[in-house]
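**Q** I'd like to ask you about the structure that follows.
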Amino acid sequence: MEKDEKLKISAIIKTKNAEECLCNTLESIKHLDELIVIDEHSSDDTIEIAKEYKSKIKFANKAELKDTLNQTLQEAQNDWVLILEQDEIVPEILLGNIEKVIQGYKISKNSLFLPIKTLYLNKELRSARKESIRLFKKDEAEFFSNSLTSLKIKSMRYAKINSNFSDENVCILKYLNKDFAYYNTAALERVKTVAKNRHPKYINVVLAPFLCFVYWYFYKKAFLDGTRGFIFAKQKAFETFSLNVLLYEKRIKERNNDI
């Protein structure tokens, strides 16, 4: 890909109060043909930053986000669509690899798994390494919830980028917010999406965070990341604690309303 040539991919980035990280995200994908920002009514300079990169901007409340995402897919200018969180960066080498893959699989493949590395306290969390479908053909995909990664691919025919996690240049880089308030906010958002018939008992408030910590620290081997892994596992447990407290509170309110 020449320096001034645009890669025929449409990128969709979902944002909310992203002024601290959005510039880096958009800078990393400025050579894509179309940038689309779906904003949840940010109160900071997110929109001004998006405009600097000539992004198309859409606004959506949480309740209408799924419909907005699907509508944006259909309106995208290019067949291939890349989805990113507001705190993720795509290295230039990875973009080059993506270009080679989609040119080689124009017909036979409809989606692409990309490797993702989570950077936390300025270092990678090995326990958070993963691969995720982030690139796909728009006509064969649909969002089934408000989450940016809640994708349903029709007749999935996928390819993979080589998952060499030792080389950060071939991975999407996710810069994780280390503030505990972030996890409390994440729990608030998850409360809105859980099944209506899910009403945890008090024991869930106590037991679920402990099991979450065990899962991340031991099963996902966060202990290999030392102190950073311990803090990360504690924050994931805190998110689970917040989620169950909020669900329990919701259950109590619904019960009182029925009286």
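**Q** Pick from Lys30, Lys51, Lys16, Lys56: which is surrounded by fewer than 19 Cβ atoms within 10 Å (Cβ to Cβ), of a type in the set (Lys, Arg) and in contact (Cβ under 8 Å) with a residue 24 or more places away in the chain?
**A** Details: Lys30 fails: in contact (Cβ under 8 Å) with a residue 24 or more places away in the chain; Lys51 fails: in contact (Cβ under 8 Å) with a residue 24 or more places away in the chain; Lys56 fails: in contact (Cβ under 8 Å) with a residue 24 or more places away in the chain.
None of the other options fit; the residue is Lys16.
**Q** Also, quick follow-up: Considering only residues that are farther than 23 Å from Leu95 by Cα and outside any strand (DSSP E or B), look in region 123-147 and name the one that is nearest to the chain's Cα centre (by Cα). Spell out how you get there, then give the answer.
**A** Residues of region 123-147 farther than 23 Å from Leu95 by Cα: 127, 142-147.
If we keep only those that are outside any strand (DSSP E or B) too, we end up with 127, 144-147.
Numbers: Ser127: 17, Phe144: 15, Ser145: 13, Asn146: 11, Ser147: 8 Å.
Among those residues, the one meeting the criterion is Ser147.
**Q** So how many residues does region 1-31 have that are of a type outside the set (D, E, K, R) and under 20 Å from Asn70 (Cα atoms)?
**A** Quick first cut of region 1-31, residues of a type outside the set (D, E, K, R) only: 1, 7, 9-13, 15, 17-18, 21-26, 28-29, 31.
Of the ones still in play, those that are also under 20 Å from Asn70 (Cα atoms) are 9-13, 15.
Residues flagged as of a type outside the set (D, E, K, R) and under 20 Å from Asn70 (Cα atoms) within region 1-31 amount to 6.
**Q** Please name all residue pairs, on different chains or six or more residues apart, with Cβ atoms under 6 Å, provided the first residue is in region 33-44 and is in the same structural domain as Glu85 (by TED's automatic domain parsing) and the second residue is among the polar types (S, T, N, Q) and part of a strand (DSSP E or B).
**A** These pairs meet every condition: Glu34/Ser10; Val37/Thr15; Asp39/Thr15.
**Q** Related question: Of everything in region 59-84, what is aromatic (Phe, Trp, Tyr) and in contact (Cβ under 8 Å) with a residue 60 or more places away in the chain? Give them in sequence order.
**A** Kept after step one, since they are aromatic (Phe, Trp, Tyr), are these residues of region 59-84: 59, 80.
The answer is Trp80, and nothing else.
**Q** In the list Lys109, Lys130, Lys137, which residue meets the criterion of being in contact with a strand residue (DSSP E or B) (Cβ under 8 Å, 6 or more places away or on another chain), basic (Lys, Arg) and either outside the structural domain of Ser28 (by TED's automatic domain parsing) or surrounded by 19 or more Cβ atoms within 10 Å (Cβ to Cβ) (or both)?
**A** Values: Lys109 fails: either outside the structural domain of Ser28 (by TED's automatic domain parsing) or surrounded by 19 or more Cβ atoms within 10 Å (Cβ to Cβ) (or both); Lys130 fails: either outside the structural domain of Ser28 (by TED's automatic domain parsing) or surrounded by 19 or more Cβ atoms within 10 Å (Cβ to Cβ) (or both).
Sole residue among the options that is in contact with a strand residue (DSSP E or B) (Cβ under 8 Å, 6 or more places away or on another chain), basic (Lys, Arg) and either outside the structural domain of Ser28 (by TED's automatic domain parsing) or surrounded by 19 or more Cβ atoms within 10 Å (Cβ to Cβ) (or both): Lys137.
**Q** Scan region 23-45 for residues that are of a type in the set (A, V, I, L, M, F, W, C) and either within 18 Å of Ile98 (Cβ to Cβ) or modelled with pLDDT under 95 (or both) and jot them down. Spell out how you get there, then give the answer.
**A** Step one: filter region 23-45 for residues of a type in the set (A, V, I, L, M, F, W, C), giving 23, 26, 29, 32, 35-38.
Once the filter is applied, which keeps residues that are of a type in the set (A, V, I, L, M, F, W, C) and either within 18 Å of Ile98 (Cβ to Cβ) or modelled with pLDDT under 95 (or both), region 23-45 yields Leu26, Ile29, Leu32, Leu35, Ile36.
**Q** Please give the number of the condition Lys3 fails out of (1) loosely packed, with under 15 Cβ neighbours inside 10 Å; (2) modelled with pLDDT of 95 or more; (3) within 22 Å of Leu135 (Cα to Cα).
**A** Going through the list (1) loosely packed, with under 15 Cβ neighbours inside 10 Å; (2) modelled with pLDDT of 95 or more; (3) within 22 Å of Leu135 (Cα to Cα), Lys3 breaks only (2).
**Q** I'm trying to understand the selection: among the residues of region 59-74, which are surrounded by fewer than 16 Cβ atoms within 10 Å (Cβ to Cβ) and not small (Gly, Ala, Ser)? Working first, answer last.
**A** Quick first cut of region 59-74, residues surrounded by fewer than 16 Cβ atoms within 10 Å (Cβ to Cβ) only: 59, 61-64, 67, 70-71, 74.
Result: Phe59, Asn61, Lys62, Glu64, Asp67, Asn70, Gln71, Gln74.
**Q** Out of all the residues in region 77-86, is one or more of a type in the set (D, E, K, R) and either exposed (fewer than 15 other Cβ atoms within 10 Å of the Cβ) or not assigned by TED's automatic domain parsing to the domain that holds Lys130 (or both)? Spell out how you get there, then give the answer.
**A** Start the filter on region 77-86 by keeping residues that are of a type in the set (D, E, K, R), which leaves 79, 85.
Now drop any that are not either exposed (fewer than 15 other Cβ atoms within 10 Å of the Cβ) or not assigned by TED's automatic domain parsing to the domain that holds Lys130 (or both), which leaves none.
No; the residues of region 77-86 include none that is of a type in the set (D, E, K, R) and either exposed (fewer than 15 other Cβ atoms within 10 Å of the Cβ) or not assigned by TED's automatic domain parsing to the domain that holds Lys130 (or both).
The values are calculated or read from the model by the stated rules, or taken from the named source; none is laboratory data. Treat the numbers as computed from the prediction; the structure is a model and nothing was measured. Glycine also receives a Cβ, built like all others from the backbone with ideal geometry; neighbour counts cover every protein chain displayed.
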